Amino acid sequence: MPSTNGQAERVVQILKSAIKQAQFTNKDVSAVIAKYLLVYQNTPPSTTGEAPSLLLMGRRLRTRLDLLIPSVEKHVEARQYSSMVNCTAKRGLRQFHAGDAVLSLRSLVHGITWTRCLVTFENDMCTNCFVDL
């Protein structure tokens with residue numbers, strides 16, 4: 001008795017019917033195959049419980065549905081930004097006076113460093129009002 005793999009035959013049958021339907025409706029066959037493979041790679045089978053893309057590449061492939069699900073990183077960034085804005089609004093902007101010691105962020109060729117500086121004059125728009133110590 002020949003043993004057969006029913007699941008593999010079913011996959012081939014579904015793919016063939018999708019190709020025939022694409023040819024009948026004058027759609028791009030390669031796009032239909034790509035969509036089918038994307039769905040196949042992201043659908044976890046009952047035997048392993050993990051999507052083939054996760055087992056093969058260690059990650060799930062992105063789909064249009066992923067755009068609807070909010071990203072955790074973006075949510076955290078938004079919460080941190082709103083928290084920073086709220087703290088700044090409660091505290092108010094910092095006021096510096098001539099002679100105050102401050103730290104200034106300097107961008108140099110070899111990297112970014114913090115340097116100690118003195119405020120030389122008071123100005124609302126203080127752009128270049130620091131003197132290195």
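The values are calculated or read from the model by the stated rules, or taken from the named source; none is laboratory data. No experiment lies behind these values; they were computed from the predicted model shown. All Cβ positions, glycine included, derive from the backbone under ideal geometry; neighbour counts span all protein chains shown.
For GLU77, indicate whether it is farther than 30 Å from VAL119 by Cα, acidic (Asp, Glu), out of contact with any Cys (no Cβ under 7 Å at 6 or more places or on another chain) and in the same structural domain as VAL119 (by TED's automatic domain parsing). So GLU77 fits the description; yes.
Among residues of the stretch 91-106 that are under 14 Å from CYS117 (Cβ atoms) and modelled with pLDDT under 80, those with a beta-carbon under 9 Å from a residue that is part of a loop (DSSP other than H, G, I, E, B) and hydrophobic (A, V, I, L, M, F, W, C) at least six positions away or on a different chain give the pairs PHE96/CYS126; PHE96/CYS129; ALA98/PHE121; ALA98/CYS129. Checking the stretch 64-87 against the condition returns no match, with no residue being surrounded by 11 or more Cβ atoms within 10 Å (Cβ to Cβ) and of a type in the set (Val, Ile, Thr).
For the stretch 96-119, the set of residues classified as assigned to a loop (DSSP other than H, G, I, E, B) and small (Gly, Ala, Ser) consists of ALA98, GLY99, listed by residue number.
Scanning the stretch 1-42 for residues that are within 20 Å of ARG60 (Cα to Cα) and hydroxyl-bearing (Ser, Thr, Tyr) yields TYR36, TYR40.
Every condition in (1) surrounded by 11 or more Cβ atoms within 10 Å (Cβ to Cβ); (2) under 25 Å from ALA8 (Cβ atoms) holds for SER46 except the one numbered (1).
On the stretch given as the stretch 8-28, residues that are free of Cβ contacts under 8 Å to residues at least 12 places away in the same chain and loosely packed, with under 13 Cβ neighbours inside 10 Å total 14.
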